[in-house]
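A.B. asks: First the structure, then my questions, so here it is.
The values are calculated or read from the model by the stated rules, or taken from the named source; none is laboratory data. None of the values given here were measured: they were computed from a predicted structure. Heads up, the Cβs are rebuilt from the backbone with ideal geometry, glycines too, and the neighbour counts pull from every protein chain shown. Note: areas computed on protein heavy atoms with side chains; ligands, DNA, RNA excluded. Shrake-Rupley method; radii C 1.70, N 1.55, O 1.52, S 1.80 Å.
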Amino acid sequence: MQRINVKASTDYEVVIGAGLLDKSGSLIREVCPKATKALIVSDTNVAPLYMDRVKSSLLSEGFAVYESVFEAGEERKNIDSIIAMWAKMAEEGFTRTDMVVALGGGVTGDMAGFAAASFLRGIRVAQLPTSLLAMVDASIGGKTGIDLPQGKNQVGAFHQPSIVIVDTDCLKTLPEETFTEGMGEVIKYAYIMDTDLYGILKNVSDKKNIRDDSMIIEVIIAKCASDKAYVIEIDENDNGLRQTLNFGHTVGHVIERDNNFTLAHGMCVAKGMGIMIRASEKAGRLGCSEAKEMLDLIEAYGLPSDDPITPEEATKGVLNDKKKRGDIISVILVTSIGKSEIVKMTPDEFKTFLKEGKDQ
Ligand SMILES: NC(=O)c1ccc[n+]([C@@H]2O[C@H](COP(=O)([O-])OP(=O)(O)OC[C@H]3O[C@@H](n4cnc5c(N)ncnc54)[C@H](O)[C@@H]3O)[C@@H](O)[C@H]2O)c1
Ligand SMILES: [Zn+2]
């Protein structure tokens, strides 16, 4: 079991290990001694697998436990699901000292976090991520929210959890593709800030079956969690360093939207990273052999590293994205493995930069 400290507006721990769901009650009790009621939020895929274990662990610590289960999928990341959570808590007489427990992937964590951030102007939330993406990224850092028909994550709040409990055994039931796309985010940490993690990922002998190696998985998740914790500590509110976590996401989001969200997020991030790596190499900002190594690693983990999107389409899409500030695009570049920088480009500069990468 590993414990990682996150120093944010409120400090908390990320606890990582096999079988932790059965200890979730006592781990939560340690940090929320006054809570008497807990609402477990989960989706229709995860609840049948893990709800009972979390429920009995919370019951054994004296919590009164309630459930709010929504139909799995990003389509349900909307206000109707949040209203159902608020209503349940209101009906059951939840007070400011009671809490929400998020049991599921990033959709569950974002919504449960937002319901907790807004109910009675903010109650506590514990994050129990069950997808790889949620374990290494979404559950840590306090970004919560929902989608609007106009765009993803358009409404939300910063609301740090009281604890993050990662039971690595949950990965065993994750669909293959969902696991693989999570590896896109893992590789991202290696590239932007973590040469140790890069070394570990590179040395795994059977990369396609990495999830069968529970020791390595625990180490990797702990590395990613401490990387994210480091970033949050410096830039909780996403004004600087935290933007480097968007490596591969700027173009990745456009690919995701242009495909009407039929491609998995992590796949699109991998494509976006590949496109940026090629363009950086061509622009002389990244060494040729390093760029090749980076592209090879993405593919070795079963992820795509390119997409037919044109520089024109990518630039147009980025300008529609909420992350642009004015007409200047913040582009995250990796200048050598483990080092990244934020470069400001005009739309024309960005288009030219991407074009060079495509002309290879
Ligand atoms: N808050 C943040 O900082 C942050 C960061 C990155 C992504 N996100 C958000 O996270 C969401 C994507 O997360 P996701 O990929 O986990 O999506 P998700 O929650 O929809 O989970 C993916 C699928 O896997 C299933 N699943 C999850 N765990 C499982 C398990 N252990 N066994 C079997 N099935 C399981 C889910 O039911 C779902 O069908 C997006 O909405 C994104 O905006 C948030
Ligand atoms: Zn992402």
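A.B. asks: Name the pairs whose Cβ atoms lie under 7 Å apart, with the first residue in the range 137-150 and under 8 Å from Gly113 (Cβ atoms) and of a type in the set (S, T, N, Q), the second at pLDDT 95 or above and not in a strand (DSSP E or B), and 6 or more positions between them or separate chains?
C.D. replies: So the pair list comes out as Thr144/Asp110; Thr144/Gly113; Thr144/Phe114; Thr144/Ala117; Thr144/His159.
A.B. asks: Just the residues that are of a type in the set (Val, Ile, Thr) and within 16 Å of ligand 2 (Cβ to nearest atom), please, taken from the range 238-279.
C.D. replies: Selection gives Thr244, Thr250, Val251, Val254, Ile255, Val269, Ile275.
A.B. asks: Now, a different point. Please name all residue pairs, on different chains or six or more residues apart, with Cβ atoms under 8 Å, provided the first residue is in the range 45-69 and is more than 18 Å from Met85 (Cα to Cα) and not assigned by TED's automatic domain parsing to the domain that holds Asp22 and the second residue is within 16 Å of ligand 2 (Cβ to nearest atom) and open to solvent by less than 20 Å² (accessible area, probe 1.4 Å).
C.D. replies: The qualifying pairs do not exist here.
A.B. asks: State which residue is farthest from Leu354 (Cα to Cα) when the search covers only the range 248-263 and only residues that are more than 13 Å from ligand 1 (Cβ to nearest atom) and open to solvent by less than 60 Å² (accessible area, probe 1.4 Å). I'd like the intermediate steps shown before the answer.
C.D. replies: We begin by selecting, within the range 248-263, every residue more than 13 Å from ligand 1 (Cβ to nearest atom); these are 250-251, 254-255, 258-260, 262.
With open to solvent by less than 60 Å² (accessible area, probe 1.4 Å) added as a condition, the list becomes 250-251, 254-255, 259.
On the way: Thr250: 12, Val251: 10, Val254: 14, Ile255: 14, Asn259: 20 Å.
This residue is Asn259.
A.B. asks: Which of the numbered conditions does Glu177 fail, given that it passes all the others? Conditions: (1) assigned to a strand (DSSP E or B); (2) over 16 Å from Val41 (Cα atoms).
C.D. replies: Going through the list (1) assigned to a strand (DSSP E or B); (2) over 16 Å from Val41 (Cα atoms), Glu177 breaks only (1).
A.B. asks: Consider the range 232-243. How many of its residues are part of a helix (DSSP H, G or I) and surrounded by fewer than 22 Cβ atoms within 10 Å (Cβ to Cβ)? I'd like the intermediate steps shown before the answer.
C.D. replies: Looking only at the range 232-243, we keep the residues that are part of a helix (DSSP H, G or I), and these are 232-234, 241-243.
If we keep only those that are surrounded by fewer than 22 Cβ atoms within 10 Å (Cβ to Cβ) too, we end up with 233-234, 241-243.
Residues that pass the stated criteria total 5.
A.B. asks: As an exercise: evaluate Asp227 against (1) within 16 Å of ligand 2 (Cβ to nearest atom); (2) surrounded by fewer than 22 Cβ atoms within 10 Å (Cβ to Cβ); (3) within 19 Å of Val164 (Cβ to Cβ) and give the number of the one condition it does not meet.
C.D. replies: Of the numbered conditions (1) within 16 Å of ligand 2 (Cβ to nearest atom); (2) surrounded by fewer than 22 Cβ atoms within 10 Å (Cβ to Cβ); (3) within 19 Å of Val164 (Cβ to Cβ), the odd one out for Asp227 is (2).
A.B. asks: Here's another thing I want to ask about it. All but one of (1) within 16 Å of ligand 2 (Cβ to nearest atom); (2) closer than 17 Å to Ile298 by Cβ hold for Lys208; state the number of the condition that does not hold.
C.D. replies: Unmet for Lys208, out of (1) within 16 Å of ligand 2 (Cβ to nearest atom); (2) closer than 17 Å to Ile298 by Cβ: (1).
A.B. asks: Quick check on Lys282: is it of a type in the set (D, E, K, R), surrounded by fewer than 17 Cβ atoms within 10 Å (Cβ to Cβ) and away from ligand 2 (no atom under 16 Å from the Cβ)?
C.D. replies: For Lys282, the condition - of a type in the set (D, E, K, R), surrounded by fewer than 17 Cβ atoms within 10 Å (Cβ to Cβ) and away from ligand 2 (no atom under 16 Å from the Cβ) - is not met.
A.B. asks: Tell me which strands (runs of 3 or more DSSP E) are completely within the range 1-111 and hold 2 or more residues being within 11 Å of ligand 1 (Cβ to nearest atom) and surrounded by fewer than 18 Cβ atoms within 10 Å (Cβ to Cβ), or say none if there are none. Steps first, please.
C.D. replies: Values: elements: 2-6, 12-17, 37-43, 64-70, 99-104.
Of the strands (runs of 3 or more DSSP E) lying wholly inside the range 1-111, none has at least 2 residues that are within 11 Å of ligand 1 (Cβ to nearest atom) and surrounded by fewer than 18 Cβ atoms within 10 Å (Cβ to Cβ).
A.B. asks: I'd like the full set of residues that are in contact with a His (Cβ under 9 Å, 6 or more places away or on another chain) and charged (D, E, K, R), limited to the range 125-165. Lay out the reasoning, then the answer.
C.D. replies: Here is the first cut: in the range 125-165, the ones in contact with a His (Cβ under 9 Å, 6 or more places away or on another chain) are 125, 133, 142-144, 152.
If the condition is that a residue be in contact with a His (Cβ under 9 Å, 6 or more places away or on another chain) and charged (D, E, K, R), then Lys143, Lys152 are the ones that fit.
A.B. asks: Also: Answer yes if at least one residue in the range 122-145 is within 26 Å of Pro33 (Cβ to Cβ), open to solvent by 40 Å² or more (accessible area, probe 1.4 Å), at pLDDT 95 or above and away from ligand 1 (no atom under 15 Å from the Cβ), and no otherwise.
C.D. replies: Yes: the range 122-145 contains one or more residues that are within 26 Å of Pro33 (Cβ to Cβ), open to solvent by 40 Å² or more (accessible area, probe 1.4 Å), at pLDDT 95 or above and away from ligand 1 (no atom under 15 Å from the Cβ).
A.B. asks: Would you mind telling me which numbered condition in (1) within 28 Å of Gly93 (Cα to Cα); (2) buried (at least 21 other Cβ atoms within 10 Å of the Cβ); (3) more than 8 Å from ligand 1 (Cβ to nearest atom) Ala117 fails?
C.D. replies: It fails just one condition, (2).
A.B. asks: Mind checking which residues of the range 125-169 are β-branched (Val, Ile, Thr) and more than 16 Å from ligand 2 (Cβ to nearest atom)? Step through it out loud before you land on a result.
C.D. replies: Step one: list which residues in the range 125-169 are β-branched (Val, Ile, Thr), which gives 125, 130, 136, 140, 144, 146, 155, 163-166, 168.
Scanning the range 125-169 gives Val125, Thr130, Ile146, Val155, Ile163, Val164, Ile165, Val166, Thr168.
A.B. asks: Just one of Ile217, Ile187 is β-branched (Val, Ile, Thr), part of a helix (DSSP H, G or I), assigned by TED's automatic domain parsing to the domain that holds Gly302 and modelled with pLDDT of 95 or more; which is it?
C.D. replies: Ile187
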